[in-house]
Amino acid sequence: MLCLSGHAVGQTVYLDTFDNDGVDVNANVGGGGTVVNYNGAGGTDWGWDDVVETTDNPGLYAGIAASGNRISTFDSNTAFLVSDGFTLEVQFDMLYNDNNGSNTVAPFNANHLSFGLVAVSGVSNLFSSNSEVPYADGIGFSLGTRNSNVDMGLLEYDFDGAVTSTLSPFDFTGNTVTQTVTLTVASDGSYTYSYDDGSGGAAITGTGTTIIDLSQPYYFKARTQASSGNAIQSVMLTTSTAQFAAPTITASESLIVSGNSVDLNITFDASAESASLTTPAGSTDLLAIDASDAVPNDGMVVVTDSPTSNFTYVVEAGKTGVTTLSASADVLVVGAEAADNDFSIAMKADSPLFYYRFEEAADSGYLTDSSGNGYHTTNISGDLIQGGGAVPGGMDLAGEMDNVRIEIPATSEHSESFTLTAVLNSNNIQAASKNLFAMTNGTGTGRSVVYLTNGHFESFLDGSVTEIPVATMPDSQTSFLLHCVYDADPDGDTETEDQEMSIYIDGVFQGSATLGTVAANEGNWVLASNKNNFQFFDGWFDEAAVFESALTDVQIAAHATAFFTAADPFLGFSSDLAEVATGDPVTLTWKISDLATAVTINGVAQDISSGGGVYTTTFNPTEDTSYEIIVSGPGGPFTETVDVTVTAPLTAPTITSITTDGVSPDPQVTIEIQGTPNSSFDLMYSPDMVTEWEKLDTISTDETGYGTKTFAGLGASEFYRVEVP
C-alpha cells in the first residue's frame, strides 16, 4: 500500500489505494467506483482496471488505446460534501506526456490524463480542455496534451457562469515514477496546490481562488484518452464538512414465492430531514417509522412487505443544501411451487439442503428451492432452457443445459459427508469432462465434486482425479436417477481417515472409490459446470439436490421407487448396434416409468407387466430399418426412433491365387481373394491341415470385392485358407 502524506483539513471521507479489490469495491474509505468507456474503448488492453502489476503501474490502470479517440472514465459511487473546504491528494504515474500528431502510433494524438472533483458523474469529458462547455461545477488537474492543445495544469468548471478556465497552467512529467498532486480548497474558494514529479526536486506550487459552488456534493472523477500506461495509484479526500451518508437498503431475500414476505433493512443519515421508501402500495415515511421503533431516530428501520410481482424498492433521503441520495433493491417474486408428486415427497422426507425441480416457466431466469430452506437463486449464466419436457423425459418439466453455470447460495463443508442427487439425461455419455456438481473456493479450495467424462464418473474432491467405477453406465439420451454419496467415514472408525465416493444409478449400487484426504472448504455449490465456469454438462438436468449426510441404501432405494412411480412415462431408447449384417440380431434397450400404459416398437406391442424399468427387445433385420417406439401415458404418446443399417451377409471368399517370390528358405507368400466388397476376412494357417488352424492375419476387400495380402511364409510345408470371421 502506498504511503500518503498528510494534508487533511478534517475527516478522511474517501481513500482508495486501488489494490486489486475491484473497481466497484473499495476496502478503505468512501466506497468503490464505476468505469464507463466511450468511443469504442474497453477490452483487455484498454479502459480503467483495478490491478496490481508486477512490474509497473499498479492501481487504477489504463492500457494502450486502439486509436486516439478512445475515452475511459472512472467515477466514485459516492458524492462527498465539501462546503467547509477539502484537501484532495492523488498519486499517479503517466508513461508519456507528448503529442506525436499521429492517430496510429502510441501515444497517438492525445495521451491525456485528468482527475478531480465534479458535481455530476457519468459524462465523458473532464478537465480535458479549457474549451469544453461546462456540464457541472468541478475543479481538477489536466495532465498531458489533447488534440494538439496544451491544456495542462489546474482547471475549473463553473456551470452557472458557463466558464471553463485554466486557473494555473503547468507541465507534468511523463515517466513512471510516483508523482503527487495536492489541492486544498477553503470554504471561501481560495486554494493552494503543489505538484511533486517524483524526481526529488522542488515541487511546483500555486495559489488562487476558484468560483465553483462548494455547497454541492462532489464525486471524484478520473479520465484518460488514448492512454499509454497511465495509472492512478491512490486518491485521498479529506474534508471538515460532516458527510451526509447515502442510504442503504438490503432485502432479506432477493427472490420470494408469491404470498411470502420480505424484510427490507434500511439505513439513512440520522440528520436527514426527509426519508421515504417506495413500495407497491406507494410511498412510506421512514422518519415516522424511525421515530417510534425500538431505537428511535437512529436512521435504521425495517419494513416488511409482501409484493405480488417483481418490484424495485427505492429509498430516498435528503436535507436542506444536500442533493437527495437514493438506493434500491430488487425483489423477484415467483409463482407458487409446483404440486408435489411421489418423487418430490420422497426427496423432501430426507431434508435436503437445497432441491431444485426446474418447474419454472421458460426464460424465467430463476430457480425455486423446494427444500424449504429458501435457497432460491437467480445466479444463472449461460443458456438455461426451463420448463421443457426432455425427449426422452425426466420428472415432469426439466432444464436443458447449454454452457450453463448455476451458483447456489447454499454452502457446505466438503470434507464432511454428503449426498448429491439429480435426474440426468446426457446428450453424450462418452464426451469429456462434463461437470455435474462442483463447489467454489470458500474457506479453502473448491473442487469438481463429481463429473462425467469418457463414459465414466470421476471426482476431484481430494485434489486428484479419481475414477468411480460403474458396473453399468446408462446410454446417452436416457434419463436416469443418480446418487453420488460421499462418506467421510464409511467404516464408522473415527481413528482412520477413510473417504469413499459411491455411485447409485436408479437406486442400484454401481461402484465406489476410495479418496485421499479431503481438505476443509466451506464453499457455494455449483450445478452443471466446474468451479471455474467451464467443462459444462451437456443435456437435461432435473431434480437436483444436496443432502448434508451420506444417505442410506434404504433412503436411496425409496427415491428410486418414487422416481419410477412419478417420472415421465418415456425415459430412453437406444440400440446396441448401428450396423448389422443381414439376419444378425440387434438389441434395442428402452426405459419407462410406472406411468407408461402401453409400448409398441414398429407397431408390435411390448410386455410391460413388470412395471417401470429397463427392457430389451431383440430383432433380426434383413434391411435398413428405422425402429420407432411409441410410449403411451400421461402427457403422451411419446415417440422416438433409432436407425439400424443392414449390410449384406458375408459369404466365404474364393482364393483366386497363391504365389511366392521363390526365395528359400523364407519365401514371401501372396494370397489374392474375391469376396464380399468392403469386408474383412480371417487368414488361417495350418502346417498340415490336421493341426488346429490358427488365425494368422486378416484380408480386406475393396469396393470390387478384390483383396490381397503378402506375408512371410511359415515353413517348408504350409496350408492357408480364408474364412468368414
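Among the residues in the range 378-395, are any within 23 Å of TYR504 (Cα to Cα) and modelled with pLDDT of 90 or more?
No.
Given the criteria in the same structural domain as PHE547 (by TED's automatic domain parsing), under 26 Å from the mean Cα position of the chain (by Cα), in a loop (DSSP other than H, G, I, E, B) and modelled with pLDDT of 90 or more, does SER364 qualify?
Values: in the same structural domain as PHE547 (by TED's automatic domain parsing): yes; under 26 Å from the mean Cα position of the chain (by Cα): yes; in a loop (DSSP other than H, G, I, E, B): yes; modelled with pLDDT of 90 or more: no.
So SER364 fails the test.
Considering (1) surrounded by 17 or more Cβ atoms within 10 Å (Cβ to Cβ); (2) over 22 Å from ASN341 (Cα atoms), say which one SER593 fails and leave the rest.
For SER593, the exception is condition (2).
Tell me the residue from LEU332, LEU397, LEU325 that is under 17 Å from ALA567 (Cα atoms), of a type in the set (A, V, I, L, M) and either surrounded by 15 or more Cβ atoms within 10 Å (Cβ to Cβ) or not assigned by TED's automatic domain parsing to the domain that holds ALA550 (or both), please.
When all the criteria are applied, what remains is LEU397.
Could you check, for the range 406-427, whether at least one of its residues is modelled with pLDDT under 90 and either surrounded by fewer than 16 Cβ atoms within 10 Å (Cβ to Cβ) or more than 27 Å from ALA557 (Cα to Cα) (or both)?
Yes.
Taking into account only those residues within the range 222-261 that are in a loop (DSSP other than H, G, I, E, B) and aliphatic (A, V, I, L, M), which is surrounded by the fewest Cβ atoms within 10 Å (Cβ to Cβ)?
Here the residue is ALA242.
Take the conditions surrounded by 12 or more Cβ atoms within 10 Å (Cβ to Cβ) and either in contact with a Ser or Thr (Cβ under 6 Å, 6 or more places away or on another chain) or free of Cβ contacts under 8 Å to residues at least 60 places away in the same chain (or both) and apply them to ILE655. Does it pass?
The answer is no for ILE655.
Residues of the range 488-505 being within 22 Å of GLY446 (Cα to Cα), modelled with pLDDT under 95 and surrounded by 17 or more Cβ atoms within 10 Å (Cβ to Cβ), which ones?
ALA488, GLN499, GLU500 - these are the residues of the range 488-505 that are within 22 Å of GLY446 (Cα to Cα), modelled with pLDDT under 95 and surrounded by 17 or more Cβ atoms within 10 Å (Cβ to Cβ).
Matching residues to (1) in contact with a strand residue (DSSP E or B) (Cβ under 8 Å, 6 or more places away or on another chain); (2) charged (D, E, K, R); (3) under 21 Å from ASP542 (Cβ atoms):
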| residue | (1), (2), (3) |
| --- | --- |
| ALA432 | yes, no, no |
| LEU436 | yes, no, yes |
| MET439 | yes, no, yes |
| GLY442 | yes, no, no |
| THR445 | no, no, no |
| LEU452 | yes, no, yes |
| PHE457 | yes, no, yes |
| PHE460 | yes, no, no |
| THR466 | yes, no, no |
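Can you pull out every residue in the range 293-324 that is under 21 Å from VAL262 (Cα atoms) and not in a loop (DSSP other than H, G, I, E, B)?
Matches in the range 293-324: MET300, VAL301, VAL302, VAL303, THR304, ASP305, PHE311, THR312, TYR313, VAL314, VAL315, GLU316.
Say whether the condition of being in the same structural domain as HIS559 (by TED's automatic domain parsing), part of a strand (DSSP E or B) and of a type outside the set (Asp, Glu) is met by at least one residue in the range 440-448.
Scanning the range 440-448, I find at least one residue that is in the same structural domain as HIS559 (by TED's automatic domain parsing), part of a strand (DSSP E or B) and of a type outside the set (Asp, Glu), so the answer is yes.
For the range 506-530, enumerate the residues that are under 22 Å from THR440 (Cα atoms) and not in a loop (DSSP other than H, G, I, E, B).
Taking the range 506-530 and keeping what is under 22 Å from THR440 (Cα atoms), we get 515-530.
Scanning the range 506-530 gives GLU522, GLY523, ASN524, TRP525, VAL526, LEU527.
Give the residue, chosen from SER328, SER252, that is under 24 Å from ILE380 (Cα atoms), under 37 Å from the mean Cα position of the chain (by Cα) and free of Cβ contacts under 8 Å to residues at least 24 places away in the same chain.
Only one candidate passes the filter, namely SER252.
Touching a strand residue (DSSP E or B) at 6+ places or on another chain (Cβ under 8 Å) and modelled with pLDDT under 85: which single residue out of ASN147, ASN103 fits that description?
Being touching a strand residue (DSSP E or B) at 6+ places or on another chain (Cβ under 8 Å) and modelled with pLDDT under 85 holds for just one of ASN147, ASN103, which is ASN147.
Spot the failing condition for GLY116; the list is (1) modelled with pLDDT under 90; (2) under 23 Å from GLY174 (Cβ atoms), and only one is missed.
(1)
Starting from residues that are assigned to a loop (DSSP other than H, G, I, E, B) and surrounded by fewer than 13 Cβ atoms within 10 Å (Cβ to Cβ), keep the ones in the range 703-725 and report whichever is modelled with the highest pLDDT.
Per the stated criteria, the residue is THR704.
Tell me which residues, restricted to the range 247-300, are aliphatic (A, V, I, L, M), in contact with a strand residue (DSSP E or B) (Cβ under 6 Å, 6 or more places away or on another chain) and more than 26 Å from GLY335 (Cα to Cα).
ILE266, ALA272, ALA275, LEU286, LEU287, ILE289, MET300
May I ask you to say which residue of VAL508, VAL485, VAL449 is out of contact with any His (no Cβ under 9 Å at 6 or more places or on another chain), crowded, with 22+ Cβ neighbours inside 10 Å and in contact (Cβ under 8 Å) with a residue 12 or more places away in the chain?
Answer to the check: VAL485.
What do you reckon, is ASN260 under 18 Å from SER309 (Cβ atoms) and of a type outside the set (Lys, Arg)? Don't jump to the end; show me each part of the working.
Numbers: under 18 Å from SER309 (Cβ atoms): yes; of a type outside the set (Lys, Arg): yes.
Taking the combined requirement at face value, the residue satisfies it.
Yes or no, residue by residue, for (1) part of a loop (DSSP other than H, G, I, E, B); (2) charged (D, E, K, R):
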position: SER351; (1), (2): yes, no
position: ASN373; (1), (2): yes, no
position: GLY399; (1), (2): no, no
position: ASP402; (1), (2): no, yes
position: THR421; (1), (2): no, no
position: ASN425; (1), (2): no, no
position: TYR451; (1), (2): no, no
position: GLU458; (1), (2): no, yes
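Exactly one of (1) within 28 Å of PRO569 (Cα to Cα); (2) surrounded by fewer than 17 Cβ atoms within 10 Å (Cβ to Cβ); (3) of a type outside the set (A, V, I, L, M, F, W, C) is unmet by THR670. Its number?
(1)
This table checks each residue for (1) in the same structural domain as VAL580 (by TED's automatic domain parsing); (2) surrounded by fewer than 13 Cβ atoms within 10 Å (Cβ to Cβ); (3) of a type in the set (Val, Ile, Thr).
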residue: THR625; (1), (2), (3): yes, no, yes
residue: THR659; (1), (2), (3): no, yes, yes
residue: PHE681; (1), (2), (3): no, no, no
residue: MET684; (1), (2), (3): no, no, no
residue: THR701; (1), (2), (3): no, no, yes
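What's the number of the only condition in (1) buried (at least 18 other Cβ atoms within 10 Å of the Cβ); (2) modelled with pLDDT under 95; (3) within 23 Å of PHE80 (Cβ to Cβ) that VAL123 fails to meet?
Result: VAL123 fails condition (1) only.
Quick one: would you say ILE385 is on the phi < 0 side of the Ramachandran plot, buried (at least 18 other Cβ atoms within 10 Å of the Cβ) and not assigned by TED's automatic domain parsing to the domain that holds ASP330?
On the way: on the phi < 0 side of the Ramachandran plot: yes; buried (at least 18 other Cβ atoms within 10 Å of the Cβ): no; not assigned by TED's automatic domain parsing to the domain that holds ASP330: yes.
Answer is no for this residue.
Could you check the range 525-556 and list, in sequence order, the residues that are within 12 Å of ASP402 (Cα to Cα) and more than 12 Å from the chain's Cα centre (by Cα)? Spell out the reasoning first.
Let us first name the residues in the range 525-556 that are within 12 Å of ASP402 (Cα to Cα), namely 528-529, 534-541.
The answer is PHE537, ASP538, GLY539, TRP540, PHE541.
With the condition kept exactly as written, say whether any residue in the range 360-376 is over 29 Å from THR279 (Cα atoms) and acidic (Asp, Glu).
Scanning the range 360-376 turns up no residue that is over 29 Å from THR279 (Cα atoms) and acidic (Asp, Glu).
The values are calculated or read from the model by the stated rules, or taken from the named source; none is laboratory data. None of these values were measured; they are calculated from a predicted model. For neighbour counting, all protein chains shown are included, and Cβ atoms are generated from backbone atoms with ideal geometry for every residue, glycine included.
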